[in-house]
Amino acid sequence: MTDYGHDLQFGVFITPTNNPAQHAVDLAVVADRAGLDLATFQDHPYQPRFLDTWTLLSYVAARTERIRLSGNVINLPLRHPALLARSAASLDLLSGGRLELALGAGGFWDAIEAMGGGRLTPGESVEALEEGIGIIRQIWHTDQPGGERAGGVHVRGRHYTVDGAKRGPAPAHDIGIWVGALKPRILRMTGRVADGWLPSLGYVEGGPAGLDALNAHIDAGADAAGRSPRAIRRLLNIQGRFQPANGGLLQGPAAQWADELTEIALNHGTSGFILASDDAATIERYAHEVAPAVREAVALARGEAAPVSPR
Amino acid sequence: MDNNYGHPLRFGLSLRSSAPAGMAERVALAEDLGYDLVSVPDAGELDAWSVASWLAAGTGRIILSPLVSLGEHNPAVLGRAAASLDLLSGGRLELGLTLDSDSDSDAAALGEAIDVIRGIWEGEARAALRYDGEHYQLHGAAGGPRPAHRVPIVVQGADASMMHLTGQRADGWLGAEPDGNAIVDAAARAAGRDPREIRRVLEIEQSDVPSTAWAAQLLPLVIGKGVGDILLRSADPAVIRRFITEVVPALRQAADLALPGLSTAAPVRPAAALARRVAGIDYDSIPLTLAAIEPGDHDYATVHSTYMRGGSPGLVLRPHTAEQVTDAVAFARRHHEVPLGIRSGGHGISGRSTNRDGIVIDVSALDEIEVLDTERRLVRIGPGARWGEVAAALEPYDWAISSGDYGGVGVGGLATAGGIGFLGRAHGLTIDHLRAVELVLADGSRVRASASENPDLFWAVRGAGPSFGIATAFEFEAAAVPGVGWAELVFDASDTAGFLEKWGATLEATPRDTTSFITLGGARPGEPLLARFSAMVDSDDPETIISRLQPFADIAPMYQQSVQVLSYARALMPAQGEANGGSGEPHSRSGLLEHVTPEFARAAAGLLGSGASYFFQIRSTGGAASDIDPDATAYAHRSAQFSVAAMGASAERLDRGWAALEPAFAGLYLSFDTATGPDRVAAAFPPRTLERLRALKAQYDPTTLFRDNFAIRPATAPATASGSTETRAAR
Ligand SMILES: Cc1cc2nc3c(=O)[nH]c(=O)nc-3n(C[C@H](O)[C@H](O)[C@H](O)COP(=O)(O)OP(=O)(O)OC[C@H]3O[C@@H](n4cnc5c(N)ncnc54)[C@H](O)[C@@H]3O)c2cc1C
């Protein structure tokens, strides 16, 4: 029974197909207009049917006004952290502070290796991700406490060596680093160094109730690093279908969805619900019928004043 | 042109990244003012790739040229990113590549990166790319996506190794060191390239000198150093404006005076592409008005093959008007000795609308659909339109033209051969609705044929059209078809012969408003043979529909059924997948049948049992198609009630199995048969019809220019006097 007390966010997870090329762009615009908080795209750089996620995020940034953007999740093994840090800060500046950085340690090692990436064991990949996050934060960190411009970044890690890489640019806002994680070791790492956690509900054993055990690993990692578990936002990729009758979790009318997501938010700590959808009507319905109802119910249960709807 | 490389001048803005709003404004200004490109160096604070992608979304015309420092980029990822940006921007990317100035200038790594990037761009998704470089490796990565256009790679670098690399592999060089051209050119020649393949790009600082003086300063760079692209580095809107409105016109004028024709020069064809040209084709005489695609062109990948067949033509001509078709035919006439294919929708089975080392005239751009007369339901349709598009265009009128069953098939090939479709028994063949056709004949003349104009030709086109000319427009009379009953059932056809016989008998007893096709084949060992049954009832009345289908329900155990009322357009199978992804050669046989006799059914069951055919289909025809006098059109087998077609992986096995069916057939439908030779032509056209066709062929195409689809031999001896003159003239 956990609620970390974060404000609620609602987003979409859009397939970045490259045929037609504007498909994902158009849906992100729909989500932006509908008032959702986040538009996210998966990142599989070895998949030739998808648009490159970074290119898409940058393009979408110019087509949207308010919505925040993120990969879901960015494939670190094929994107060097120093490069990623610079790209992310650049895009954050270009978008007026609307970028978040959700990272993954990599999973499809055959495909990664085929692209010239190195094959890592799961343990190594977590280690590499932690090193990478450290490098990213250093590149973003342009000013010394005294206001002096900091010197180059030097890291001699097991997985990355950075020799005096130039710092900057500094992002427009404090970009959240979120981690897509399911296993204890990477969850503890998430608790230690990340700002958020972004798993997919479909992979969580035991459904929403299964989140509790995973949250506990993150909390333990945070504790061990002397951080508050509240420093880590808990997000969740979800799948669902609007239909007249209740056919199971997130298979039913909007009111049923709202009840179910409220329950997950209050009891399992999730404060960001990202719906996988490539359908404009579903995205709009989620934004207009589900998101406000969950916000209201959660505020009520938390004893907060009812939130002002973003629209 | 010794010191110029023949590239028409282009002008760009070299952006220094700064505050986003300011950048967007300057780029919008540059686009408005007519700058050709914007170059985004990685040297600023912001990542060039993110900036260029972001700018792409806010612009519509200007070319985007991010200059990426290779650094930690994975080149395969960069290749996909570049293809993505090209797709998102509608083909506006030019990829700049360079090395970090403080790195050890490893040009070899950059060269490998270029190989990898181009490999990704060329690769088919199915291809497993392998690259074993010193710096970069691919171990079976998927290729693709293909960019929207051929993305040029511009290399920046001033030291000799980068100039070498540029000469070997790049499409542009941003550096323009005074003597660098010599190194670049030598490296290009050593690599078997033409130095003119490489565009020379120069970045200049803004200047305070008056505009004419500024232009005069720049002129020697153009005529002496061969600079083709000039990038202005400026953040000052006044300078940005003055440069393009005052300096550039003066410079262009002076450059055109010094180098006449520069502003209209066509880019030189890369040596590698020239090497892929075919010996028998005179590429230099292709009329300039004609869009032409040859091996080595970016678009070649999308035109060399068709839906059913792999090919590698030496030239694909794509006329956009009937007049241009005439030009294309004239060009083809001068090349009588190479294969000639005519292509509309690219779904030919019998029609060789692609070939090896030959010419293809592709009229897919002539795809207009226009309603001429709502009273008479007259519709004018270009050969490049697809039947799915035609059906969709007629849907709002509650009209339909009986076509084939598949939305992707082109109008040109089907409407010149017959057209056996789901409204066949109710409305007849597609050609039975044709009222007029416009053609370009072998001699290049443009004619109209109808019942009253060139009636002989009109007769011939309806069944043997591909032998007589290239249709450039059709006029059809559509039928009122407000809605149809559409059934898809799946039967157990384990008792194959019994099933076929019962289906045939049931069909013949069903009113002609109903047309049905059955498809069998491809059963896996151990699975029962299934028959997919489809039927269309030309009625939107549910009771009529059910009463027509009811008798079929009992012919065999049924696994699935779906019956609905919908528009003709919705009933057609939508075009799926790549229209031009064919490879290899299809093997298909056709036969026309009066009745599904027990003997035929047994023979067909034997063919299916042998596994020689993975696709076996019987279509009902007849009905309204049989009302037409066999002498009224070149398609003459009017008494046939069924059209049978079989496809097999091996031609020999298919032919062996098919031989047992032959005795039952009376003729064939040419569109479903891939075999060639006089006996097949004779099976397609009964003697009286063939005789008339041969006489007309002698009149309209005596040299047999059009011969890619059941070619008719002209009545006179093959080598007529005019034929040999023609051939000599082409030499
Ligand atoms: C999936 C599929 C489904 C089919 N279904 C049916 C069906 O239901 N009923 C049916 O009758 N047929 C059907 N066919 C056969 C089809 O009608 C023929 O293959 C037809 O030639 C395809 O036309 P196209 O324009 O797409 O083909 P293309 O490949 O462009 O052309 C094929 C041939 O037609 C000739 N031709 C093309 N354009 C012109 C022109 N403008 N003027 C003169 N001649 C020209 C040429 O000889 C050319 O080689 C089907 C074929 C396929 C592949």
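Per this entry, A:Leu266 is counted among residues that are part of a helix (DSSP H, G or I), touching a residue at least 12 places away in the same chain (Cβ under 8 Å) and not aromatic (Phe, Trp, Tyr). Among the listed residues B:Val371, B:Val363, B:Val379, identify the single one that is farther than 27 Å from B:Gly311 by Cβ, buried (at least 24 other Cβ atoms within 10 Å of the Cβ) and in contact (Cβ under 8 Å) with a residue 24 or more places away in the chain. Answer to the selection: B:Val379.
Here B:Ala113 passes the criteria (1) within 39 Å of the chain's Cα centre (by Cα); (2) surrounded by fewer than 19 Cβ atoms within 10 Å (Cβ to Cβ); (3) on the phi < 0 side of the Ramachandran plot except the one numbered (2).
Number of residues in segment B:450-471 that are surrounded by fewer than 24 Cβ atoms within 10 Å (Cβ to Cβ) and part of a strand (DSSP E or B) equals 1.
Could you go through segment A:136-158 and let me know if any residue there is in contact (Cβ under 8 Å) with a residue 12 or more places away in the chain, in contact with a Pro (Cβ under 6 Å, 6 or more places away or on another chain) and either crowded, with 20+ Cβ neighbours inside 10 Å or part of a helix (DSSP H, G or I) (or both).
Yes.
Could you tell me which numbered condition B:Pro455 fails, if it satisfies all but one of (1) touching a Ser or Thr at 6+ places or on another chain (Cβ under 7 Å); (2) away from the ligand (no atom under 12 Å from the Cβ)? The number of the failed condition is (1). For segment A:57-88, a residue qualifies if it is more than 8 Å from every other protein chain (Cβ to nearest Cβ), within 25 Å of A:His154 (Cβ to Cβ) and of a type in the set (Gly, Ala, Ser), and the qualifying residues are A:Ala85, A:Ala88. For segment B:612-656, a residue qualifies if it is more than 30 Å from B:Asp432 (Cβ to Cβ) and without any contact (Cβ under 8 Å) to a residue 40 or more places away in the chain, and exactly one does: B:Glu652. Screening B:Gly143 with (1) surrounded by 20 or more Cβ atoms within 10 Å (Cβ to Cβ); (2) over 19 Å from A:Leu78 (Cβ atoms); (3) under 25 Å from the mean Cα position of the chain (by Cα) gives one miss only, at (2).
Which ranges mark the helices (runs of 4 or more DSSP H) fully within segment B:586-701 that have 1 or more residues being outside the structural domain of B:Ala505 (by TED's automatic domain parsing)? Hits in segment B:586-701: B:678-684, B:687-700. Restricted to segment B:337-359, and to residues there that are farther than 23 Å from B:Gly463 by Cβ and assigned to a strand (DSSP E or B), the residue that is nearest to the ligand (Cβ to nearest atom) is B:Ile359.
From the list B:His139, B:His135, the lone residue that is in a loop (DSSP other than H, G, I, E, B) and under 27 Å from B:Arg80 (Cα atoms) is B:His135.
Out of A:Asn267, A:Asn237, one residue alone is at pLDDT 95 or above and under 17 Å from A:Trp178 (Cα atoms). It is A:Asn237. Looking for something more than 7 Å from chain B (Cβ to nearest Cβ), of a type in the set (A, V, I, L, M, F, W, C), in contact with a Lys or Arg (Cβ under 8 Å, 6 or more places away or on another chain) and crowded, with 22+ Cβ neighbours inside 10 Å - is there at least one such residue anywhere in segment A:4-22? No; the residues of segment A:4-22 include none that is more than 7 Å from chain B (Cβ to nearest Cβ), of a type in the set (A, V, I, L, M, F, W, C), in contact with a Lys or Arg (Cβ under 8 Å, 6 or more places away or on another chain) and crowded, with 22+ Cβ neighbours inside 10 Å.
Could you say whether any residue in segment A:226-236 is touching a helix residue (DSSP H, G or I) at 6+ places or on another chain (Cβ under 8 Å), free of Cβ contacts under 8 Å to residues at least 40 places away in the same chain and either of a type in the set (Val, Ile, Thr) or buried (at least 21 other Cβ atoms within 10 Å of the Cβ) (or both)? Looking for residues that are touching a helix residue (DSSP H, G or I) at 6+ places or on another chain (Cβ under 8 Å), free of Cβ contacts under 8 Å to residues at least 40 places away in the same chain and either of a type in the set (Val, Ile, Thr) or buried (at least 21 other Cβ atoms within 10 Å of the Cβ) (or both), one finds at least one in segment A:226-236, hence yes. Among the residues of segment B:364-415, which ones are assigned to a strand (DSSP E or B) and either under 21 Å from the mean Cα position of the chain (by Cα) or within 12 Å of the ligand (Cβ to nearest atom) (or both)? Those that are assigned to a strand (DSSP E or B) and either under 21 Å from the mean Cα position of the chain (by Cα) or within 12 Å of the ligand (Cβ to nearest atom) (or both): B:Ile369, B:Ile381, B:Arg386, B:Tyr406, B:Gly410. Cβ separations smaller than 6 Å between residues 6+ apart or across chains give the following pairs from segment B:336-352 residues that are closer than 13 Å to B:Val411 by Cα to residues that are among the β-branched types (Val, Ile, Thr) and modelled with pLDDT of 95 or more: B:Ile342/B:Ile361; B:Ile342/B:Ile470; B:Arg343/B:Val360; B:Ser344/B:Val363; B:Gly345/B:Val409; B:Gly346/B:Thr306; B:His347/B:Val409.
Segment B:226-336 holds helices (runs of 4 or more DSSP H) entirely within its bounds, and those carrying 3 or more residues that are farther than 16 Å from B:Thr354 by Cβ map to B:237-242, B:248-258, B:271-274, B:322-333.
Report whether or not B:Val447 is surrounded by fewer than 24 Cβ atoms within 10 Å (Cβ to Cβ), part of a strand (DSSP E or B) and within 14 Å of the ligand (Cβ to nearest atom). So B:Val447 fits the description; yes. Helices (runs of 4 or more DSSP H) fully within segment B:13-132 that include at least 1 residues being more than 10 Å from chain A (Cβ to nearest Cβ): B:20-33, B:107-122. Determine, yes or no, whether B:Asp673 is in contact with a Pro (Cβ under 9 Å, 6 or more places away or on another chain) and within 19 Å of B:Arg352 (Cα to Cα). The answer is no for B:Asp673. Within the option set B:Asp208, B:Asp229, being within 30 Å of B:Ala21 (Cα to Cα) and more than 39 Å from the chain's Cα centre (by Cα) holds for one residue only, B:Asp208. Would you be able to say whether some residue in segment A:44-56 is among the hydroxyl-bearing types (Ser, Thr, Tyr), out of contact with any Lys or Arg (no Cβ under 9 Å at 6 or more places or on another chain), within 7 Å of chain B (Cβ to nearest Cβ) and assigned to a helix (DSSP H, G or I)? The answer is no; no qualifying residue exists.
Among the conditions (1) more than 13 Å from every other protein chain (Cβ to nearest Cβ); (2) closer than 27 Å to B:Ala52 by Cα; (3) surrounded by fewer than 21 Cβ atoms within 10 Å (Cβ to Cβ), the only one that A:Leu103 does not satisfy is (3).
Taken together, B:Arg548, B:Arg532 contain a single residue that is within 36 Å of the chain's Cα centre (by Cα) and either modelled with pLDDT of 95 or more or of a type in the set (S, T, N, Q) (or both), which is B:Arg532. Only a single criterion out of (1) within 8 Å of the ligand (Cβ to nearest atom); (2) β-branched (Val, Ile, Thr); (3) farther than 20 Å from B:Leu705 by Cα is not satisfied by B:Ile431, namely (1).
Note on segment A:169-189: residues that are in a loop (DSSP other than H, G, I, E, B) and of a type in the set (Lys, Arg) total 1.
The values are calculated or read from the model by the stated rules, or taken from the named source; none is laboratory data. All of these numbers come straight from a predicted model, not from anything done at the bench. Ideal geometry is used to build each Cβ from the backbone, glycine not excepted, and the neighbour counts take in all protein chains shown.
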